[in-house]
Amino acid sequence: MTYNKKNIEDVEVAGKRVLVRCDFNVPLKDGKITSDKRIVEALPTIKYLMGKGAKVILCSHMGKPKGAVVPKYTLAPVAARLTELLGTTVELAADTIGPDAKAKAAALKDGQAVLLENTRFDPREEKNDPEFAKELASMADIFVNDAFGAAHRAHASTAGVAQHGGLPAVCGYLIQKEIGVMGKALSDPARPFVAILGGAKVADKLNVINNLLTKVDTLIIGGGMAYTFLKAKGYEIGTSLFDETKVDYCRDMLAKAEEKGVKLLLPIDTVIAKSFPDPIDAEIEVATVDSDKIPADMMGLDIGEKTRVLFADAAKAAKTVVWNGPMGVFENPTLAKGTISVAQALADSEAITIVGGGDSAAACEQLGFASKITHISTGGGASLEFLEGLELPGIACLEDK
Ligand code: AMP
């Protein structure tokens, strides 16, 4: 997959019907949007198209209605919020490819926008059904994909429209930024290139570790996944998170790092406690020990102070840093220091800094560091697949420059 895709500025959009796939899958509580971040992030593309006089047909999925019309997953709250944010009415069609959608799309004047109802109200969306994709495409002259969060799924509205619809297919500003920054990091990074991985399970990041070992100068592993690596090195890890089935894999990765000349950093000290905090944010008594001295009845729950310095120094010396996954049980204030120190190191770094994954992104935002990070990815699953080196169908289907 190349990362150099045509974008909305590369096609003539004035007076054209432009179908834009957005990621409006916003969190809702009692029918109210609790964070409109994803809508706000889609605005630059929508405003550009409306400003150029395009007739803008917006579509998105919301939640998991599993191919049925489930009223609680209507995009009505999104249409209302878009109307507020754009200062002009964005009507919601009652269906996705039905008579109301087609009538409303056909009635659009230049510079106006309409939102189609939830694409996943139709079972053919997730099956990437060619007929459904063609029906969607039939309403438009151009397809724009700007839903990075859904780009790892080959669905009718993400990839099918481009594959079966016969429309010019380009990316919006959001996808352009994602593939611009992350694609460069993976294909031609400013070096030293440092990746920091954390989170609970090694099993979730096997392919990411494997792929990044072929790209980075330094790979840092913290969080719960580090203990299987420590065990693979022969350390006692007490009752820390451990995946017995992945010890050999970790050993292979340690050997691969050495063979490739990649510095692989693991925690040199660890914050330990008698048990996992319950509830997760409960007050907890902790101690810090060197990583090879974890007592048999204790559990590692965060990186220690020496490790925080080690990881932060590596991040600060880098020219490109990618971070995905917390360094400890950051939901607990006593166990959040490792995650905070990594977020701080990225914020202080002069490097190109890229944060992916919900937890790490949320940490940067809560700490007020978001503006100091080069790029916070909008897609958890999609950004992980990107780091795995996989082709994302919603991007691969777009036209190369
Ligand atoms: P993930 O979903 O894989 O990104 O992992 C995120 C979760 O990992 C968070 O909920 C953390 O609490 C958890 N986590 C991080 N470090 C540890 C650890 N040392 N032991 C247990 N859980 C951890």
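The values are calculated or read from the model by the stated rules, or taken from the named source; none is laboratory data. Here the structure is a predicted model, which means the values were calculated and not measured. Cβ: placed from backbone, ideal geometry, glycine included. Neighbour counts: every protein chain shown. In case anyone asks, the SASA skips ligands and DNA or RNA and just uses the protein heavy atoms, side chains included. Shrake-Rupley method; radii C 1.70, N 1.55, O 1.52, S 1.80 Å.
Just the residues that are within 13 Å of TYR235 (Cα to Cα), of a type outside the set (Gly, Ala, Ser) and away from the ligand (no atom under 15 Å from the Cβ), please, taken from segment 292-311.
ASP292, LYS293, PRO295
Given the condition under 15 Å from the mean Cα position of the chain (by Cα) and surrounded by 24 or more Cβ atoms within 10 Å (Cβ to Cβ), answer yes or no: does some residue in segment 336-353 qualify?
Scanning segment 336-353, I find at least one residue that is under 15 Å from the mean Cα position of the chain (by Cα) and surrounded by 24 or more Cβ atoms within 10 Å (Cβ to Cβ), so the answer is yes.
How many of the residues making up segment 45-65 are over 19 Å from the mean Cα position of the chain (by Cα) and not in a strand (DSSP E or B)?
Step one: list which residues in segment 45-65 are over 19 Å from the mean Cα position of the chain (by Cα), which gives 46-59, 65.
Then drop every residue that is not not in a strand (DSSP E or B), which leaves 46-54, 65.
Selection size over segment 45-65: 10.
Those residues that are open to solvent by 30 Å² or more (accessible area, probe 1.4 Å), aromatic (Phe, Trp, Tyr) and either within 15 Å of GLY111 (Cβ to Cβ) or assigned by TED's automatic domain parsing to the domain that holds ALA159 (or both), I need them from segment 1-55; list them, please.
TYR48
Is at least one residue of segment 149-162 out of contact with any Gly (no Cβ under 9 Å at 6 or more places or on another chain) and not small (Gly, Ala, Ser)?
yes
Which one is surrounded by the most Cβ atoms within 10 Å (Cβ to Cβ), of the residues in segment 262-286 that are within 14 Å of the ligand (Cβ to nearest atom), among the aliphatic types (A, V, I, L, M) and assigned to a loop (DSSP other than H, G, I, E, B)? So that I can check it myself, show each step before the final result.
Going residue by residue through segment 262-286, those that are within 14 Å of the ligand (Cβ to nearest atom) are 266-267, 269-282, 284, 286.
Filter again for among the aliphatic types (A, V, I, L, M), leaving 266, 271-273, 280, 282, 284, 286.
Remaining after also requiring assigned to a loop (DSSP other than H, G, I, E, B): 266, 280, 282, 284, 286.
Details: LEU266: 22, ILE280: 12, ALA282: 10, ILE284: 19, VAL286: 18.
This residue is LEU266.
Can you say whether THR88 is in contact (Cβ under 8 Å) with a residue 60 or more places away in the chain, surrounded by fewer than 14 Cβ atoms within 10 Å (Cβ to Cβ) and in contact with a helix residue (DSSP H, G or I) (Cβ under 9 Å, 6 or more places away or on another chain), as far as the supplied structure shows?
The answer is no for THR88.
From the list THR119, THR96, which residue is in contact with a Cys (Cβ under 6 Å, 6 or more places away or on another chain) and at pLDDT 95 or above?
Working: THR96 fails: in contact with a Cys (Cβ under 6 Å, 6 or more places away or on another chain).
That would be THR119, the only listed residue that is in contact with a Cys (Cβ under 6 Å, 6 or more places away or on another chain) and at pLDDT 95 or above.
Step by step: first the residues of segment 201-220, then only those that are over 17 Å from the mean Cα position of the chain (by Cα) and more than 17 Å from ALA255 (Cβ to Cβ), then the one that is most open to solvent (accessible area, probe 1.4 Å). Which residue is that?
Among those that are over 17 Å from the mean Cα position of the chain (by Cα) and more than 17 Å from ALA255 (Cβ to Cβ), it is LYS201.
Within the set of pairs 6 or more residues apart or between chains, which connect a residue that is open to solvent by 40 Å² or more (accessible area, probe 1.4 Å) inside segment 377-398 to a residue that is of a type in the set (Asp, Glu) and outside any helix (DSSP H, G or I) with Cβ atoms less than 9 Å apart?
Every condition considered, the pairs that remain are GLU385/GLU391.
Output the residues belonging to segment 239-261 that are under 27 Å from the mean Cα position of the chain (by Cα) and in a loop (DSSP other than H, G, I, E, B).
LEU241, PHE242, ASP243
Of the numbered conditions (1) over 30 Å from ASP146 (Cα atoms); (2) open to solvent by 10 Å² or more (accessible area, probe 1.4 Å); (3) within 16 Å of the ligand (Cβ to nearest atom); (4) among the polar types (S, T, N, Q), THR228 fails exactly one; give the number of that condition.
Failing condition for THR228: (2).
Looking at VAL322, VAL289, which one is within 19 Å of the chain's Cα centre (by Cα) and either part of a strand (DSSP E or B) or within 16 Å of the ligand (Cβ to nearest atom) (or both)?
Answer to the check: VAL322.
Kindly establish whether VAL355 is within 14 Å of the ligand (Cβ to nearest atom), closer than 21 Å to TYR173 by Cα and not small (Gly, Ala, Ser). I'd like the intermediate steps shown before the answer.
Working: within 14 Å of the ligand (Cβ to nearest atom): yes; closer than 21 Å to TYR173 by Cα: yes; not small (Gly, Ala, Ser): yes.
Here the answer is yes, as VAL355 does meet what is asked.
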